[in-house]
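Okay, structure first, notes after.
The values are calculated or read from the model by the stated rules, or taken from the named source; none is laboratory data. Just so we're clear, the structure is a prediction, and the values are computed from it rather than from any experiment. Don't worry about glycine lacking a Cβ; one is built from the backbone with ideal geometry, like all the others, and counts go over all protein chains shown.
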Amino acid sequence: MNDQLLYLSGAEIAALRPNPADLRLSLARAFRLHAQHRVQVRPKQTLAIAPGHFFQAMCAASPEPPYAAAKWVGIAENSGRGLSNVNGLVILSDFNTGRPLAIMDGNSLTVLRTAAMSALAAEYLARPDSTSIGFVGCGQQALGHLEAMYDLFPGLAEAVCFDRNATSARRLAVIAREKGLQSRETTAADDALACDIVITTVPGTTTLTPFLDASLLRPGSFVSAVDLGRSWRVETFNVFDLRVVDDRAQAEDPENRSKLAYPGPFDSDLAMLASGVERGRSSDPSQRTLFLFPGFALADLAVASAVFETALRTGGGVGLQR
């Protein structure tokens, strides 16, 4: 029996060029199984060290495809160290035998799965004729979301990029321009709120004061608050007609609810949307919708499984002896 582990670094995952549509399909399948109670998922477990400094463990298992995954993440304020604030690894195992199969860079997978989750939510919550996308925060998550949303919405024609780091905003605007979008950097975050799709990925710091006003959103807009809503003035969230989370059970868990700027109630979650229990946005073109989510272990499992199977087909990764 082959007892090797496959190691996939961030560079190797990027070289696989995972297809955004394939990742959405993997997620949709996983959340439909979740709605049928056919997967095992546990809420995030958090080990708090200090404000903005903690570790998290997430795990999920699914019979289809037959894999289980555990994700270990450390979060710390690392800007002064030249490191990412979020650092993690994912271990993938065979569902039936329990045999470890792969170790993967958690940072790259987190970008892929988070953008894929936003895109899956957007299938149900955003207007299909959306033509503009605004970014508040222009780091790695914004880059991943640009790829995922551009794949889903072929009519996208404009990108507005805001970041307190002008270099990050300029880099994202250049990449959007290379895709054929009219793009621009801005020094006013409110400019990004005038778009059909708004992605907020503001890093958490102990000094951050919410500064985004949801009442400035245009009618019919969709927001994916990747930053747990920390950048938003939550008292303005009454403008949203639909508020959706990745998993309502996890969001209602007291330990996890405390991390969300808006603790609920939520109208639905991804399992309800993917399974057809809830329909998503109505035919009202003025409906404003929100996807606010802390991340869910099932999504990490779905994306890690898809990336692993791509690596097996293409010969990607490095074999490690156990």
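Report, by residue number, each residue of segment 203-249 that is in contact (Cβ under 8 Å) with a residue 60 or more places away in the chain, small (Gly, Ala, Ser) and loosely packed, with under 15 Cβ neighbours inside 10 Å.
Let us first name the residues in segment 203-249 that are in contact (Cβ under 8 Å) with a residue 60 or more places away in the chain, namely 203-206, 212, 214, 217, 219-229, 231, 242, 244, 246-247, 249.
The next check asks that each one be small (Gly, Ala, Ser); those that pass are 204, 214, 220-221, 224-225, 229, 231, 249.
Within segment 203-249, 249 is the sole residue that qualifies.
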Q: Would you please list the contacts, defined by Cβ atoms under 6 Å and residues six or more apart or on different chains, that run from a residue in segment 44-64 that is over 25 Å from residue 34 (Cα atoms) to a residue that is exposed (fewer than 15 other Cβ atoms within 10 Å of the Cβ) and at pLDDT 95 or above?
A: none
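Conditions (1) at pLDDT 95 or above; (2) touching a Phe, Trp or Tyr at 6+ places or on another chain (Cβ under 7 Å); (3) surrounded by 24 or more Cβ atoms within 10 Å (Cβ to Cβ), marked per residue:
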| site | (1), (2), (3) |
| --- | --- |
| 260 | no, no, no |
| 271 | yes, yes, yes |
| 276 | yes, no, no |
| 279 | no, no, no |
| 291 | yes, no, yes |
Q. Of the residues 58, 104, which single one is crowded, with 24+ Cβ neighbours inside 10 Å, under 30 Å from residue 289 (Cβ atoms), of a type in the set (A, V, I, L, M, F, W, C) and outside the structural domain of residue 159 (by TED's automatic domain parsing)?
A. 58
Q | Options 20, 65, 43: the member that is within 18 Å of residue 107 (Cα to Cα), out of contact with any Cys (no Cβ under 7 Å at 6 or more places or on another chain) and in the same structural domain as residue 79 (by TED's automatic domain parsing) | A | 20
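Conditions (1) hydroxyl-bearing (Ser, Thr, Tyr); (2) in the same structural domain as residue 31 (by TED's automatic domain parsing), marked per residue:
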| position | (1), (2) |
| --- | --- |
| 247 | no, no |
| 256 | no, no |
| 262 | yes, no |
| 265 | no, no |
| 268 | yes, no |
| 272 | no, no |
| 275 | yes, no |
| 287 | no, no |
| 313 | no, yes |
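For segment 126-140, what are the residues that are in contact with a strand residue (DSSP E or B) (Cβ under 8 Å, 6 or more places away or on another chain) and either crowded, with 24+ Cβ neighbours inside 10 Å or closer than 17 Å to residue 161 by Cβ (or both)? Let's see the steps before the verdict.
Let us first name the residues in segment 126-140 that are in contact with a strand residue (DSSP E or B) (Cβ under 8 Å, 6 or more places away or on another chain), namely 126-127, 130-138.
Hits for segment 126-140 are 126, 130, 131, 132, 133, 134, 135, 136, 137, 138.
Considering only segment 151-184, state which residues are in a strand (DSSP E or B), within 22 Å of the chain's Cα centre (by Cα) and among the small types (Gly, Ala, Ser).
Applying the first criterion (in a strand (DSSP E or B)) to segment 151-184 yields 158-162, 182-184.
Still in the list and also within 22 Å of the chain's Cα centre (by Cα): 158-162.
Within segment 151-184, just 159 meets the criteria.
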Q. For segment 1-55, what are the residues that are assigned to a strand (DSSP E or B), exposed (fewer than 13 other Cβ atoms within 10 Å of the Cβ) and touching a Ser or Thr at 6+ places or on another chain (Cβ under 7 Å)?
A. none
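Please find, among 157, 176, the residue that is small (Gly, Ala, Ser) and buried (at least 19 other Cβ atoms within 10 Å of the Cβ).
Numbers: 157 fails: buried (at least 19 other Cβ atoms within 10 Å of the Cβ).
Only one candidate qualifies: 176.
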Q. If you go through segment 185-202 one residue at a time, how many are buried (at least 21 other Cβ atoms within 10 Å of the Cβ) and assigned to a loop (DSSP other than H, G, I, E, B)?
A. 5
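Within segment 60-95, which residues are assigned to a loop (DSSP other than H, G, I, E, B) and in contact with a Pro (Cβ under 8 Å, 6 or more places away or on another chain)? Reasoning before the result, please.
In the first step, residues of segment 60-95 are kept if they are assigned to a loop (DSSP other than H, G, I, E, B); the result is 64-65, 76-78, 82-85, 95.
85, 95 - these are the residues of segment 60-95 that are assigned to a loop (DSSP other than H, G, I, E, B) and in contact with a Pro (Cβ under 8 Å, 6 or more places away or on another chain).
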